[in-house]
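Everything on this sheet refers to the single structure shown next.
The values are calculated or read from the model by the stated rules, or taken from the named source; none is laboratory data. These figures come from a predicted structure and were not determined experimentally. Positions of Cβ are backbone-derived with ideal geometry, glycine not excepted, and every protein chain shown enters the neighbour counts.
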Amino acid sequence: MSTAVINIRTNTHLKQEAKKILEEFGLTLTSFINAKLKKLVRSRSIVFSLNKEETLTPWAIKQLKESETDYKKGRISPSFTSAKDAIKWLEPDE
């Protein structure tokens, strides 16, 4: 397979930061760019997100804290053996 050289202009700081992040993934700038080009050709789409660590949104963190508080205060639903029992528990008392 023959290779071609691609020259691009980019901010020096951006290049250095990208190289540091890619090193954490065990990649070089060249291998990353080649992988992205291959994916572009294969999928005919562009994807821009890849997180080293998954993070929760502020909303999700708030919900988890509220759930933990509810659990500690005993505000939890019981377990059910059937959907019918669960629906009955959800219905208001008549």
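Starting from the range 59-80, take each residue that is within 24 Å of Glu91 (Cα to Cα) and list its partners that are charged (D, E, K, R) and assigned to a helix (DSSP H, G or I), counting only C-beta distances under 7 angstrom and pairs at least six apart or across chains.
Ile76/Asp70
Mind telling me which of the residues Glu17, Glu23 ends up being assigned by TED's automatic domain parsing to the domain that holds Ala4 and farther than 30 Å from Ser2 by Cβ?
Glu17
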